[in-house]
1. Give me a count of the residues in region 85-127 that are part of a helix (DSSP H, G or I), among the hydrophobic types (A, V, I, L, M, F, W, C) and buried (at least 18 other Cβ atoms within 10 Å of the Cβ).
2. Could you say whether any residue in region 299-313 is in the same structural domain as Tyr362 (by TED's automatic domain parsing), closer than 24 Å to Ile229 by Cα, part of a loop (DSSP other than H, G, I, E, B) and free of Cβ contacts under 8 Å to residues at least 40 places away in the same chain?
3. For region 245-265, give me each residue that is polar (S, T, N, Q) and surrounded by fewer than 20 Cβ atoms within 10 Å (Cβ to Cβ).
4. Is one or more of the residues making up region 37-59 over 22 Å from Leu170 (Cα atoms), under 24 Å from the mean Cα position of the chain (by Cα) and in a helix (DSSP H, G or I)?
5. I want to confirm something. Restricting to region 237-288 and keeping residues that are part of a helix (DSSP H, G or I) and without any contact (Cβ under 8 Å) to a residue 24 or more places away in the chain, which single residue is farthest from Gly317 (Cα to Cα)?
6. Count, please, the residues in region 36-76 that happen to be among the hydroxyl-bearing types (Ser, Thr, Tyr), more than 17 Å from Ser98 (Cβ to Cβ) and in contact (Cβ under 8 Å) with a residue 12 or more places away in the chain.
7. Listed residues Gln327, Gln352; which is modelled with pLDDT under 95 and not in a loop (DSSP other than H, G, I, E, B)?
8. Which of the residues belonging to region 243-276 are small (Gly, Ala, Ser), in contact with a Ser or Thr (Cβ under 6 Å, 6 or more places away or on another chain) and over 18 Å from Leu373 (Cβ atoms)?
Amino acid sequence: MRRTKLINEARRVVVKVGSAVLFHSTGEIDERCIESLCDDVARLASGGREIVVVSSGAIACGCRRLGWGKRPGTLPKLQAAAAIGQSLLMELYERCLSPRGLHVGQMLLTRDDFADRTRYLNARNTLRALVQAGTVPIVNENDTVAVDEIRFGENDVLSALVTNMFEANLLVMLSTVDGLHEDYRTSGHRGRVIPEVEGVDSKIAALACEERSESGSGGMASKLEAARIVTASGEAALVANGKGENVLARIFAGDKIGTLFYPTRTHMAGRKRWIGFGARSRGEIVVDEGAAAALKKSANGLRTSVLIGVSGDFKTGDVVSIRVKSQEPFARGVVSYGAAEVKKIKGVRTSQVASILGSKPYDEIVHRDNMTLL
């Protein structure tokens, strides 16, 4: 009942489509699969849902046009293939969706578009305008200029960031795996698929197996990272096999397909999502374990007295990570003071700040309203 209710109530949906879903292993376009996918998207849109598609495949399209039998291994060739293939990918979606009464709008994004607050808001407004105009936004990494994103399968994480930007209720990641397998390393595709997951913890993360397709670059680890971002923001994520007939329609009809990751908290406000997962961290602030526990439980912000370490060259208004010694960051926040000032006042009482800096515009290094727990 919980799964059914969650999916039924999802009015905004992001669908991530992997390259291997769009193409056969031979490199030929999987026409049947694309037609089925577009048919499902059109049905969902006509039913009142707002749909955004994050699609890989530009590089694969470019390789096919150039006659390259496999994905190239050098960055310039990857970028060249993306430059040639992006328009072909859009043409493919337009050809399939226009007979169903929908047109497509292209959005090419890089990590910097999420990191900069102004660019982030501009991209969000464009995305919303496209949907309101009755089109289906097709989002992809701007692979012609991106670097690390091409190498590390960032489209899975990109789909999570787009889900946050769009404040969608559900992210559906379509790949060529049936979901998260509990024993993929020993049983492969024959192993049991875990139907539902409550939080992406270290035990779940350990189940990832980095099998990748020839045409794509993402694996289960990047899908779990995407699921972690989405569920930590208060929404749901689902990993399913996109090669199945009308898989999206079946998911929304109630079929228990794939692995559903439940939200681990209530709906998070848009600005909090950007702080926690969109913006780039410009430095780190280290606190002791007692302070970390207090920040996780209370509504208080980060005060100077609990700081034991500072790194980075951040400025007032930048986003920094907050952690305990060598542990992974547990929060991120917008700082009220620059790095040089924080280094001078770390560990001192709030009452001493004015005498050290000459003024005390803020009581806290990071106000609670500008902090996101990860």
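The values are calculated or read from the model by the stated rules, or taken from the named source; none is laboratory data. Here the structure is a predicted model, which means the values were calculated and not measured. Here the Cβ is made from the backbone with ideal geometry for all residues, glycine too, and neighbour counts use every protein chain on show.
1. Counting residues in region 85-127 that are part of a helix (DSSP H, G or I), among the hydrophobic types (A, V, I, L, M, F, W, C) and buried (at least 18 other Cβ atoms within 10 Å of the Cβ) gives 8.
2. The answer is no; no qualifying residue exists.
3. Asn246, Thr264
4. Yes, some residue in region 37-59 is over 22 Å from Leu170 (Cα atoms), under 24 Å from the mean Cα position of the chain (by Cα) and in a helix (DSSP H, G or I).
5. Arg250
6. Step one: of region 36-76, the residues among the hydroxyl-bearing types (Ser, Thr, Tyr) are 36, 46, 55-56, 74.
Going one step further and asking which of them are more than 17 Å from Ser98 (Cβ to Cβ), we end up with 56, 74.
Right, trim to in contact (Cβ under 8 Å) with a residue 12 or more places away in the chain and you get 56.
Number of matching residues: 1.
7. Values: Gln327 fails: not in a loop (DSSP other than H, G, I, E, B).
None of the other options fit; the residue is Gln352.
8. Of everything in region 243-276, just one residue is small (Gly, Ala, Ser), in contact with a Ser or Thr (Cβ under 6 Å, 6 or more places away or on another chain) and over 18 Å from Leu373 (Cβ atoms), namely Gly254.
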